[in-house]
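Trainee: I have a structure I would like to understand better, so I am pasting it below and will then ask my questions one at a time.
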């Protein structure tokens, strides 16, 4: 899998129909889940579910300079001031199993568990910029992200104080947008991909020069 971008996500989908989105859903059998994974628990005990925090690679990539371990410790401290729900750390599946040095007790850890199973009983997913946030959003779990470079930043929460009452977002435009970053080898070989992006990118960069 390859991705090319100067320094941000540019989907070039302005005023475009959503045919790519329909095609993408059909090819991947993707189905956006309703936001009711949490709403159904409204009448349950507020402490009945946990907060999932995926571990991230360290050091972090070039997209940001925050240290995940420091971020996790700080985030857990803030969470504890707003909720009594358990905290579950999803250890990175591509790391050897090693418990990170956190300044908190009674943290639950999972390892090598499929993400959808870790999410199944989660009340919310909090990430710095982990790609786990994509599946969390698609599966209908309220998601908190804390880096503007996250691909789901525009449709997730950013204020931990809202952990008990997260904002709900419309994901349709976002799905349409990211669909334009998924092209088949057949579309690339036929030139459809290059024609589309040249037609979209050249006017975009010319407009930047004019400004």
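Trainee: Among 192, 167, which is the only one that is free of Cβ contacts under 8 Å to residues at least 60 places away in the same chain and in contact with a strand residue (DSSP E or B) (Cβ under 7 Å, 6 or more places away or on another chain)?
Mentor: Sole residue among the options that is free of Cβ contacts under 8 Å to residues at least 60 places away in the same chain and in contact with a strand residue (DSSP E or B) (Cβ under 7 Å, 6 or more places away or on another chain): 167.
Trainee: For the range 78-125, give me each residue that is under 22 Å from the mean Cα position of the chain (by Cα), assigned to a helix (DSSP H, G or I) and closer than 14 Å to residue 53 by Cβ.
Mentor: Hits for the range 78-125 are 78, 79, 115, 118, 119.
Trainee: Restricting to the range 70-101, name every residue that is more than 21 Å from residue 162 (Cβ to Cβ) and loosely packed, with under 15 Cβ neighbours inside 10 Å.
Mentor: 70, 93, 94, 95, 96, 97, 98, 99, 101
Trainee: Now a separate question. Exactly one condition in (1) touching a residue at least 60 places away in the same chain (Cβ under 8 Å); (2) under 29 Å from residue 80 (Cα atoms) is false for residue 181; which is it?
Mentor: (2)
Values in this text are rule-based calculations from the coordinates and carry no lab data. Keep in mind it's a predicted model, so treat the numbers as computed, not measured. Cβ atoms come from the backbone with ideal geometry, glycine included; neighbour counts cover every protein chain shown.
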